[in-house]
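These notes are about the structure you will find just below.
No value in this document is a laboratory result; all are computed from the given coordinates. None of these values were measured; they are calculated from a predicted model. Note that each Cβ is placed from the backbone with ideal geometry, even for glycine, and that neighbours are counted across all protein chains shown.
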Amino acid sequence: MAEVPTTHNLLVGKRVVITAAAGTGIGSAVAERCLEEGASVFISDIHDRRLEETADRLAETTGTRPHTALCNVTVENDVQALVTSAVGAMGGIDVLMNNAGLGGDVDLVDMTDEQWAAVLGVTLDGTMRCTRAVLRHMIDVGINGAIVNNASVVGWRAQAGQCHYAAAKAGVMALTRCSAIEAAQHGININAVAPSIAMHAFLEKVSDADFLEELSSREAFGRAATPREVANVMVFLASDLASYMTGEVVSVSSQHP
């Protein structure tokens, strides 16, 4: 693995909201990278204890404790409360990182309506709901902000057992493209990343080890990405370096779709 690059103050002055940021996955890695790059950060999650533990850990590693709030992205009132809390704490929102998602592994013939709805409810509907709320804020206040969505390469690739997740992530890609066209007239950029596999403790806990090893072995580097490697691309898309990019889905993978 290449040496981790030094920070470059890419997000100084930016006020960033990150959903599903508790734990050890991409969300908390994005929060850490945003803090390192000088942003004010507000993290949310549905898990209270893990959220506060994550904030404490980020305070230790970066010297700055992010603001926190519980938020279930499937509940409109929660999303509205998150935006209100973030605006109150930071004075506004310049960047939204939509990281909330829910997966699963079940063949379509065995899938229940509840399993389908649960995955799409968090992964696609939740991304839409947060994007809508923050877009309204940015447009009302006149903020030329950025929104970065977390999609997945399974939005392009066929993979057994992933009909609900793949459909949701393909929807996130389409949502990214269409909302980007609408937001461009307001000077707002909307892009997405599409990771292949990013290894972290929670994924290892809930997934079959042989399956994860198989996915990792397919990558050109023979390993999964780290959450930080995905976070680096998300930070780039949130920064002014990506000022002319919008409606794009950037694959964070060493495979082609």
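Per the helix-only calculation at 222 nm, which mean residue ellipticity applies to the chain, given -39500 (n - 2.57) for every DSSP H run of n ≥ 4 and division by its residues, nearest 500 deg cm²/dmol? Before the final figure, lay out the partial values.
Numbers: 9 runs with 114 residues, N = 257.
Roughly -14000 deg cm²/dmol at 222 nm, from the helical runs in the chain.
Arrange the peptides 106-113, 20-27, 80-87 so that the one whose residues have, on average, the most other Cβ atoms within 10 Å appears first. If you can, show how the numbers build up before the last one.
Numbers: 106-113: 10.4, 20-27: 25.0, 80-87: 18.6.
Packing order, densest peptide first, comes out as 20-27, 80-87, 106-113.
What stretch of the chain, leaving out the sites themselves, is the longest with no chymotrypsin sites (Phe, Trp or Tyr not before Pro) in a DSSP loop having at most 14 other Cβ atoms within 10 Å? Please report the intermediate quantities before stating the final value.
On the way: sites that count: 221, 244.
Maximal segment without exposed cleavage sites: 1-220.
Please list, in order along segment 172-183, the HN-Hα scalar couplings obtained from phi with the Karplus expression 6.51 cos²θ - 1.76 cosθ + 1.60 (θ = phi - 60°), rounded to whole Hz, x for Gly and Pro.
4, 4, 5, 4, 4, 5, 6, 5, 5, 5, 5, 7
Any chance you could run the full-extension gain for residue 182 through residue 244? It's 0.36 nm times the residue separation minus the Cα-Cα distance, nm to one decimal.
Gain on extension, residue 182 to residue 244, equals 20.8 nm.
Quick one: check the C-alpha center-to-center distance for segment 122-176 versus segment 37-59, whole angstrom.
Cα centres, segment 122-176 to segment 37-59: 21 Å.
Give me a comma-separated list of calculated 3J(HN,Hα) values for segment 121-126, in order, Karplus coefficients 6.51, -1.76, 1.60 applied at θ = phi - 60°, integers in Hz, x for any Gly or Pro.
Calculated HN-Hα couplings, in order: x, 7, 6, 9, 5, x Hz.
For a quick check: with amide H placed at 1.01 Å from N, whose amide H comes under 5 Å from residue 147's, ignoring anything fewer than 5 positions away on the same chain?
Placed amide hydrogens put 96, 189, 190, 191 under 5 Å from residue 147.
Among 80, 142, 226, which residue has its Cα furthest toward the positive end of the charge dipole of segment 15-252, with +1 on Lys/Arg Cβ and -1 on Asp/Glu Cβ?
The Cα lying farthest towards the positive end belongs to 142.
With only Lys, Arg, Asp and Glu charged, each at its Cβ (+1 for the first two, -1 for the last two), find how big the charge dipole of segment 15-252 is about the Cα centre; round to the nearest 20 debye.
Numbers: 16 positive and 29 negative charges, 120 e Å.
Value, rounded to 20: 580 debye.
Go through segment 63-78 residue by residue and turn each phi into a ³J(HN,Hα) via Karplus (6.51, -1.76, 1.60, θ = phi - 60°); whole Hz please, and just put x for glycine and proline.
3J(HN,Hα) across segment 63-78, in whole Hz: x, 9, 8, x, 5, 9, 7, 6, 7, 9, 5, 8, 10, 4, 4, 5.
If one takes the longest principal axis of the Cα atoms in the chain, at what angle in degrees, from 0 to 90 and to the nearest 10, does the Cα axis of helix 26-36 lie?
30
Could you point to the residue in 174, 126, 104 farthest towards the positive end of the chain's charge dipole, with +1 and -1 charges on the Cβ of Lys/Arg and Asp/Glu respectively?
Ranked along the dipole, the leading option is 174.
Which of rounded, prolate, oblate describes the chain, given a ≥ b ≥ c as roots of the alpha-carbon gyration tensor eigenvalues and a/c under 1.5 marking rounded, otherwise prolate only if a/b is larger than b/c?
Working: a/c = 1.41, a/b = 1.26, b/c = 1.12.
Taking the square roots of the gyration eigenvalues as a ≥ b ≥ c, the chain is rounded.
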